[in-house]
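Please treat every number below as a calculation from the coordinates, not as lab data. Note that the structure is a prediction, hence the values are computed from the model and not measured. Note: ideal-geometry Cβ built from the backbone for every residue, glycine included; neighbour counts use all protein chains shown.
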Amino acid sequence: MAGKTALMTSLAEKLSEIVGAAFAAQGLPVELGAVRVSDRPDLCQFQCNGAMAAAKLARKNPREVAQGVVDVLQKCHSDRPEGAEESLVSRENKDPSTDARDDNEKVFQNIEIAGPGFINIDVTDAFIAGQLAAMQADAHAGLAQSGAGQTVVLDYGGPNIAKPMHVGHLRSSIIGDSLRRTMKVAGYNTIGDVHMGDWGTPMGMILSELEIMGHDGPVSMEQLAEIYPKASSDCKADEARMELARAATKRLQDGDETYTRKWRQFIDISIEGMRGNFDALGVYFDEWKGESDAHPFIAAMIDDLKAKGWAVESDGAWVVPVERNDDKKEVPPLILLKKDGAVLYGTTDLATILDRVKTHNPDKIVYVVDQRQSLHFDQVFRAAEKGGLVVDGRPELSFAGFGTMNGADGKPFKTRAGGVMRLEDLIAMGVEKARARLEEANLAADMDEAERGTIAHKVALAAIKFADLQNQRQSDYVFDLDRMTSFEGKTGPYLLYQAVRIQSLLRKAGDGGRWTVDGSFKIQNEDRALALLLGEMADHFELALKNYTPHVLCDYAYRLAQEFSSFYGNCHILSEEDVAVRASRLALCALTHRQLCLVLSVLGIEVPERM
Ligand code: ARG
């Protein structure tokens, strides 16, 4: 069996290494040996399409190139000596010169050249079994630690003080938290920051409103929920009232003591409310910072940008021009200071980079924010590069934008009354629906009220999160509570149900869940598809990490659950008579369960003990 460390990759990646070496042996680029899972599983398990490109380079016939590669592979790795047809030649009959290696090192069951020069590959069951055993033994479940030694700050959530959280904040929280969990599993040192909106004009609106009301003492969350909307609509209606809000904002930002004290008080109670919401959603943050935390960095940053000539004056304001010659659309300058000296969203975002660099020295910062803010981040990233906040591409700044969660009417999701849906109401709606679904499916019937409540909550979160994450991040989607809570189809509850089913099967089998088969998985026809799918896992993680796309993992989790379901229906597990096959199948179930739960956990979905 190959060493532990060499196996922290997918089957396709391992094959790419082997086939890549065979390309290299022909003097061809290694990358052309890339192998991927076949999109024609009826023909073969894996395929390599590099011979066509290699033929162009080598000015040869592609089939000839493919044949050269296949010859090398057959010599070194095949379970079938050159020239042998269909049947496997038993070990005794093999040419001793090619038979010097251990059985586990035989990789190829069948290699064929098809069409213009495709290399179609089937691997040996021993090779698949080796992968399963390695995954089973690996503390990281067979996932490469590609983020080891790197720090990433993830900016998600982004609720605004005094305003109710809306569905955009919900999406940001769910996606951001999932990316954080995924990166953590890949070995990154992750820092999730909620980055609250706590420093803009709304703060001045509230402070000036308190003054108008003659309110001096602390305010409650309920009071705040009334004060802000009133102040905001008054400001919109009346320019003089708006002027008061602006002046108050400036006074706060300049460090006025009374204002700071009042502001701190309503920030604190807002955070308390937010924490409750995020806890209920199962979304975690390492840091509860906000725009205001960038404040101490702003003055020096602006001086520096001015001194270096990157910041210029424009109509009394200070801006950083960020347009480029090859821009296809207009990219306006980033405004640092307004005429009255107040700072803006872009200023705090720029200074927040400085704060993060100073505090964490991150390799990357990932912003999970509504796609409609992409221009803003374009401006901020460009200004950061220009102003030297980013040095030699570090920290790498990435914008992971997302689309809108819509209602059935195709417009951003609202309550029936047309208002913003509060997060707590949305969760409550989900829980109620989940309860009804559990009852319908006759699940959780034998549980007491408390346990049923806990499970309904888990089912609701699984439904809401999976329905969100399974979409391409950038697409809009329709919030459909009925569909997402169903136990059938591509839903969170279906996945929970499958995970729980495997768990209860393992429980029934007894042995306390110890079916480690020490590398001797016995792959039968009925097991192969599930085993191969497990061997894909690292590929999907890598893709999700590279593009910040949790939907890739959702697809994989769903396929895994479905494949398990067919496996379960197609063969004997508990009732299998061959003791070794039974043990191997149970180990396969246990591995499937572990991998499925791992994928669900990075999606922020918790699997109940039973349901
Ligand atoms: N508070 C902002 C909003 O509600 C989102 C913050 C996103 N993060 C950032 N660094 N700008 O739109």
Open item on the list: Just to verify a number: FRET efficiency for A529 and K358, C-beta to C-beta distance, R0 = 41 Å, to 0.05?
Closed with: 0.20
Task: Mean Kyte hydropathy of 0.0 or more with a Cα span along the axis of at least 20 Å, helices from DSSP in the chain - done: 11-25, 449-469, 492-509, 579-602
Task: Considering only the chain, percent of DSSP beta bridges that pair antiparallel, nearest 5 - done: 50
Task: Segment A148-N61, extension gain: residue separation times 0.36 nm, minus the distance between their alpha carbons - done: 27.0 nm
Open item on the list: I need the shape label for region 128-179. Rule: rounded when a/c is under 1.5, else prolate if a/b > b/c, else oblate, with a, b, c from the alpha carbon gyration tensor.
Closed with: prolate
Open item on the list: Quick check on my link table: of K338/K386; K339/K386; K184/K358; K289/K465; K230/K328, which ones sit more than 30 Å apart, alpha carbon to alpha carbon?
Closed with: K230/K328
- [ ] Just subtract the alpha-carbon distance of K339 and S565 from 0.36 nm times their residue separation and send over the number in nm, one decimal.
- [x] 74.9 nm
Task: Efficiency of FRET from Cβ geometry, D446 and R40, R₀ 35 Å, rounded to 0.05 - done: 0.15
Task: Rounded, prolate or oblate (a/c below 1.5 giving rounded, otherwise prolate when a/b exceeds b/c) for region 441-541 by Cα gyration tensor - done: oblate
Task: Pairwise label distance in nanometres, E432 with D238, each label 7 Å out on the Cα-Cβ vector - done: 3.9
Open item on the list: With an 8 Å Cα cut-off and a minimum separation of 6 or more residues, compute the relative contact order for the chain in percent.
Closed with: 14
Open item on the list: Using a 7 Å offset from the Cα along the Cα-to-Cβ direction at both N547 and A408, what is the distance between the two label points in nm, to one decimal?
Closed with: 3.2
Open item on the list: Quick check: Cα centre of region 411-428 to Cα centre of region 555-611, how many Å?
Closed with: 37
Task: Convex hull projection area averaged over all views, region 425-478, Cα basis, nm² - done: 4.2
Open item on the list: Quick check: from the Cα gyration tensor, does region 269-379 come out rounded (a/c under 1.5), prolate or oblate?
Closed with: prolate
Task: Reachable aspartates and glutamates, given that their alpha-carbon falls under 15 Å from the alpha-carbon of K546 and they are not under 8 places away in the same chain - done: D363, E396
- [ ] Percent of Cα-Cα pairs per 10 Å bin, from 0 to the last occupied bin, for the chain, please list those.
- [x] 3, 14, 21, 21, 17, 12, 8, 3, 1, 0
Task: Extension gain, V312 back to R507 (0.36 nm per residue minus Cα-Cα distance, nm) - done: 63.3 nm
